[in-house]
């Protein structure tokens, strides 16, 4: 059984337990606060009652192109399918990892590759392109049904077709934005008037060490949001978490390879000025 709990950032164990019917479960694709203190496993972490299949914990093992869907392959190689799986969001990586861990999908390498495409490379992939924008439905069964229709060559339900169309539209926008990018000592700077999933730019800007995007803050368009994502040309071991970016971009929060200042309230500068100042600072760090 797959249980979807409310989405929150780094929920503590008590929060997870309060939304489940058992204390014996497997978490897929979100960081339960303190999970990294449990016993390390090839797929994540474990304790006598909890297993965690996830790549979001502050752990140097995950500072690479790895996703929970790929770790789920390691999980199922070592364990029987899980009876109780907990999710807190439903993007491509969450759906694939939960479906593999429960045995609803076979442990095939192409599912791990699709999760990595969705999370890290932005490569065209029919599985990730279908599932990634279906996350807004927050419906595990619907996403899995749409995926099975795709795999079986059957008609995809309307919500799946809508999500796929949205993703392909974003791909077209990413191509145009990448063509307009300005490189500053290996840092690609892009200004746009609407949000874009920055992962879609990674393969399109292969010589960039980092990609900086400036756009109006959705919650208050008088301010700007700055997104940063590690690029393919970044030196090995580069991690945004180690660069002290909040010292020059207040409110910035991140995982190792991507982040923004949106949750921190954005910047009072224009998208252009905020993004280019950030890009210039990064040139001395990456």
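A short reminder: the numbers here are calculations on the coordinates, not readings from a lab. Since the model is a prediction, treat every value here as computed from it, not as a measurement. Note that we place each Cβ from the backbone using ideal geometry, even for glycine, and neighbour counts take in every protein chain shown.
Most mobile of 59, 119, 29 per a Gaussian network model of the chain (Cα springs, under 10 Å)?
Looking only at 59, 119, 29, the largest GNM fluctuation is found for 59.
Quick one: 55, 89, fewest Cβ neighbours within 10 Å first, how do they rank? Write out the running numbers ahead of the final one.
Values: 55 28, 89 17.
Least to most surrounded, the residues fall as 89, 55.
On a 0 to 90 degree scale, rounded to 10, what angle separates helix 158-179 from the longest Cα axis of the chain?
30
When only C-alpha pairs under 8 Å and at least 6 residues apart count, what is the relative contact order of region 181-282, in percent?
Taking the mean separation of contacting Cα pairs over the length of region 181-282, I get 27 percent.
On a C-alpha basis, how far is the centre of region 243-286 from the centre of region 23-98 in Å? Whole number, if you could?
Computed from Cα coordinates, the inter-centre distance equals 29 Å.
Based on other C-beta atoms within 10 Å, arrange 80, 182, 225, 137 from fewest to most.
Numbers: 80 7, 182 13, 225 26, 137 16.
Placing the least packed residue first, the sequence is 80, 182, 137, 225.
Order by neighbour count: 1, 281, fewest other Cβ atoms within 10 Å first, most last. Show your work: numbers first, answer last.
Details: 1 11, 281 16.
Ascending Cβ contact count within 10 Å gives the list 1, 281.
Considering the chain as a Gaussian network with a 10 Å cut-off on Cα pairs, which listed residue, 195, 22, 238, attains the greatest mean-square fluctuation?
22
If each DSSP helix of 4+ residues adds -39,500 (n - 2.57) and the sum is divided by the residues in the chain, what number results at 222 nm, nearest 500 deg cm²/dmol?
-9500 deg cm²/dmol
Hey, what did the chain get for relative contact order, percent, Cα under 8 Å, at least 6 apart?
12
Please check: in the Gaussian network model of the chain (C-alpha springs, under 10 Å), which one of 95, 187, 175 has the largest mean-square fluctuation.
Ranking 95, 187, 175 by mean-square fluctuation puts 175 first.
With axes computed from alpha carbons, what is the tilt in degrees of helix 92-101 against the longest principal axis of the chain, rounded to the nearest 10 within 0 to 90?
Approximately 20 degrees, to the nearest ten.
With axes computed from alpha carbons, what is the tilt in degrees of helix 271-282 against the longest principal axis of the chain, rounded to the nearest 10 within 0 to 90?
80
Relative contact order of region 118-252, please, whole-number percent, based on alpha carbon pairs below 8 angstrom and at least 6 residues apart. The partial results should precede the final answer.
Numbers: 180 pairs, mean separation 25.0, N = 135.
Relative CO of region 118-252 lands at 19 percent.
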